[in-house]
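Scroll down for the structure; my scribbles are underneath it.
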Amino acid sequence: TLDSSFSVDGKVITDIGTKRDLLYSVAVQPDGKIVAVGSSNNIVDDYDDIALVRYTPDGTLDNSFGFNGKVVTAIGTSTDVAHDVAIQLDGKIVVAAYARIGTKGHFAVLRYNINGSLDNTFSGDGKQTTDIGPDYSEVSDITLQHDGKIVVIGRSGTFGGLAYITVVIYNTC
(Lines give C-alpha, C1' and ligand atoms only; values in the text may rest on other atoms or scores of the structure.)
Protein backbone atom coordinates (compact mmCIF):
# COMPACT_ATOMS: atom_id res chain seq x y z
CA THR A 1 0.00 0.00 0.00
CA LEU A 2 1.05 3.60 -0.47
CA ASP A 3 2.59 5.32 2.55
CA SER A 4 0.04 7.91 3.70
CA SER A 5 2.69 9.65 5.83
CA PHE A 6 4.30 10.78 2.55
CA SER A 7 2.33 13.62 0.96
CA VAL A 8 -0.96 12.44 2.54
CA ASP A 9 -1.59 9.77 -0.15
CA GLY A 10 1.94 8.42 -0.78
CA LYS A 11 2.36 10.38 -4.03
CA VAL A 12 3.74 13.77 -4.99
CA ILE A 13 3.75 15.52 -8.38
CA THR A 14 6.10 18.47 -8.94
CA ASP A 15 6.33 20.95 -11.82
CA ILE A 16 9.83 22.29 -12.47
CA GLY A 17 9.96 23.83 -15.95
CA THR A 18 7.37 25.04 -18.41
CA LYS A 19 7.24 22.07 -20.78
CA ARG A 20 8.63 18.66 -19.77
CA ASP A 21 10.14 17.33 -16.54
CA LEU A 22 11.75 13.90 -16.15
CA LEU A 23 13.42 12.30 -13.13
CA TYR A 24 15.80 9.37 -13.49
CA SER A 25 17.36 8.68 -10.11
CA VAL A 26 16.90 9.24 -6.41
CA ALA A 27 19.04 9.23 -3.27
CA VAL A 28 18.01 9.50 0.36
CA GLN A 29 20.13 11.63 2.65
CA PRO A 30 20.93 10.47 6.22
CA ASP A 31 18.32 12.95 7.53
CA GLY A 32 15.62 11.29 5.40
CA LYS A 33 15.39 14.03 2.77
CA ILE A 34 14.93 12.72 -0.76
CA VAL A 35 16.97 14.09 -3.69
CA ALA A 36 15.71 13.27 -7.19
CA VAL A 37 17.56 14.18 -10.40
CA GLY A 38 16.74 14.33 -14.09
CA SER A 39 15.94 17.08 -16.54
CA SER A 40 13.60 19.98 -17.06
CA ASN A 41 12.64 21.62 -20.34
CA ASN A 42 11.43 25.14 -20.81
CA ILE A 43 9.48 26.16 -23.86
CA VAL A 44 11.79 29.14 -24.58
CA ASP A 45 14.80 27.27 -26.05
CA ASP A 46 13.29 23.73 -26.02
CA TYR A 47 16.44 22.24 -24.45
CA ASP A 48 16.61 20.06 -21.36
CA ASP A 49 18.66 21.26 -18.39
CA ILE A 50 19.76 19.29 -15.35
CA ALA A 51 17.08 19.28 -12.65
CA LEU A 52 17.25 18.44 -8.96
CA VAL A 53 14.35 18.34 -6.53
CA ARG A 54 14.58 17.75 -2.79
CA TYR A 55 11.69 16.63 -0.63
CA THR A 56 11.40 16.42 3.13
CA PRO A 57 10.57 12.97 4.56
CA ASP A 58 6.87 13.88 4.56
CA GLY A 59 6.87 14.65 0.81
CA THR A 60 6.84 18.44 0.84
CA LEU A 61 9.39 20.39 -1.19
CA ASP A 62 12.38 21.37 0.93
CA ASN A 63 12.41 25.18 0.77
CA SER A 64 15.96 25.28 2.16
CA PHE A 65 17.17 23.75 -1.13
CA GLY A 66 17.59 25.86 -4.27
CA PHE A 67 14.49 27.85 -5.14
CA ASN A 68 11.50 26.32 -3.34
CA GLY A 69 13.11 22.86 -3.34
CA LYS A 70 14.17 22.91 -7.01
CA VAL A 71 17.47 23.51 -8.83
CA VAL A 72 17.96 23.74 -12.61
CA THR A 73 21.48 23.86 -14.09
CA ALA A 74 22.60 24.28 -17.71
CA ILE A 75 26.01 23.00 -18.81
CA GLY A 76 26.25 22.55 -22.56
CA THR A 77 24.91 24.34 -25.58
CA SER A 78 21.75 22.27 -25.79
CA THR A 79 20.49 19.19 -23.91
CA ASP A 80 21.78 18.34 -20.41
CA VAL A 81 20.29 15.44 -18.43
CA ALA A 82 21.17 14.11 -14.96
CA HIS A 83 21.08 10.31 -14.81
CA ASP A 84 22.24 9.47 -11.29
CA VAL A 85 22.95 11.01 -7.89
CA ALA A 86 25.05 10.17 -4.83
CA ILE A 87 25.34 11.82 -1.42
CA GLN A 88 28.82 12.38 0.03
CA LEU A 89 29.49 11.82 3.74
CA ASP A 90 29.62 15.61 4.23
CA GLY A 91 26.12 15.93 2.71
CA LYS A 92 27.21 17.37 -0.65
CA ILE A 93 25.24 16.09 -3.63
CA VAL A 94 27.14 14.62 -6.59
CA VAL A 95 25.32 14.25 -9.90
CA ALA A 96 26.33 12.31 -13.01
CA ALA A 97 24.92 13.77 -16.21
CA TYR A 98 25.01 13.89 -19.97
CA ALA A 99 25.91 17.29 -21.43
CA ARG A 100 25.67 18.13 -25.10
CA ILE A 101 28.48 20.51 -25.97
CA GLY A 102 28.62 21.46 -29.63
CA THR A 103 27.81 18.35 -31.63
CA LYS A 104 29.02 15.84 -29.03
CA GLY A 105 27.76 14.34 -25.81
CA HIS A 106 30.09 14.53 -22.81
CA PHE A 107 30.23 12.95 -19.37
CA ALA A 108 29.45 15.58 -16.74
CA VAL A 109 29.79 15.55 -12.97
CA LEU A 110 28.31 18.30 -10.83
CA ARG A 111 28.63 18.81 -7.10
CA TYR A 112 26.11 20.80 -5.10
CA ASN A 113 26.27 22.15 -1.58
CA ILE A 114 23.64 21.10 0.95
CA ASN A 115 21.55 24.19 0.06
CA GLY A 116 21.50 23.34 -3.67
CA SER A 117 24.08 25.87 -4.83
CA LEU A 118 26.92 24.61 -7.03
CA ASP A 119 30.03 23.76 -5.01
CA ASN A 120 32.73 26.00 -6.48
CA THR A 121 35.46 24.01 -4.71
CA PHE A 122 34.76 21.24 -7.23
CA SER A 123 36.41 21.99 -10.60
CA GLY A 124 36.26 25.75 -9.92
CA ASP A 125 32.56 26.11 -10.74
CA GLY A 126 30.92 22.92 -9.46
CA LYS A 127 30.83 21.36 -12.95
CA GLN A 128 33.27 19.01 -14.69
CA THR A 129 32.76 17.80 -18.26
CA THR A 130 34.79 15.11 -19.99
CA ASP A 131 34.91 14.58 -23.75
CA ILE A 132 35.44 10.87 -24.22
CA GLY A 133 34.16 10.45 -27.78
CA PRO A 134 34.78 9.77 -30.49
CA ASP A 135 31.22 10.92 -31.33
CA TYR A 136 29.20 10.62 -28.14
CA SER A 137 29.38 9.76 -24.46
CA GLU A 138 26.43 8.92 -22.22
CA VAL A 139 26.46 8.58 -18.43
CA SER A 140 24.37 5.94 -16.71
CA ASP A 141 25.52 5.55 -13.08
CA ILE A 142 27.62 7.10 -10.31
CA THR A 143 29.07 5.82 -7.06
CA LEU A 144 31.51 7.16 -4.49
CA GLN A 145 34.63 5.27 -3.46
CA HIS A 146 35.62 5.03 0.21
CA ASP A 147 38.39 7.59 -0.43
CA GLY A 148 35.82 10.04 -1.81
CA LYS A 149 36.72 9.67 -5.48
CA ILE A 150 33.80 9.74 -7.89
CA VAL A 151 33.25 6.77 -10.22
CA VAL A 152 31.04 7.31 -13.26
CA ILE A 153 30.07 4.69 -15.82
CA GLY A 154 28.35 4.86 -19.16
CA ARG A 155 29.10 4.33 -22.78
CA SER A 156 30.87 6.12 -25.59
CA GLY A 157 31.21 5.45 -29.26
CA THR A 158 30.50 6.43 -32.84
CA PHE A 159 27.17 7.41 -34.34
CA GLY A 160 25.72 4.36 -36.06
CA GLY A 161 28.76 2.31 -35.10
CA LEU A 162 30.57 0.91 -32.13
CA ALA A 163 29.72 1.53 -28.48
CA TYR A 164 32.18 1.01 -25.64
CA ILE A 165 31.75 0.52 -21.91
CA THR A 166 33.27 3.59 -20.29
CA VAL A 167 34.46 4.08 -16.71
CA VAL A 168 35.84 7.42 -15.46
CA ILE A 169 37.19 8.22 -11.99
CA TYR A 170 37.31 11.81 -10.77
CA ASN A 171 39.13 13.30 -7.82
CA THR A 172 36.99 15.14 -5.29
CA CYS A 173 38.19 18.66 -6.07
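The values are calculated or read from the model by the stated rules, or taken from the named source; none is laboratory data. Nothing here was measured: the structure is a model prediction, and the numbers come from that model. All Cβ positions, glycine included, derive from the backbone under ideal geometry; neighbour counts span all protein chains shown. Surface accessibility is based on the protein's heavy atoms, side chains included, excluding ligands, DNA and RNA. Shrake-Rupley method; radii C 1.70, N 1.55, O 1.52, S 1.80 Å.
Values computed for the structure shown
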read-out	value
For residue 116, distant residues with modelled amide H under 5 Å away	66
Ellipsoid semi-axes in whole angstrom, largest first, where each is sqrt(5λ) of the Cα gyration tensor of region 2-65	24, 13, 10
Neighbour net charge for residue 47 - beta-carbon separation under 13 angstrom, K R +1, D E -1	-2
Mean accessible surface per residue for the chain, computed with a 1.4 Å probe while every protein chain stays in place, in Å²	51 Å²
Within-9-Å neighbourhood charge of residue 154 [Cβ basis; K, R +1; D, E -1]	-1
Pair residue 141, residue 29: separation of 7 Å Cα→Cβ label points (nm)	2.6 nm
Partners for residue 11 among aspartates and glutamates (Cα-Cα distance below 18 Å; same-chain residues under 8 apart left out)	3, 21, 58, 62
Cβ-defined net charge surrounding residue 3, 13 Å radius [Lys, Arg +1; Asp, Glu -1]	-1
Directionally averaged shadow of the chain, computed from the convex hull of its alpha-carbon atoms, nm²	11.0 nm²
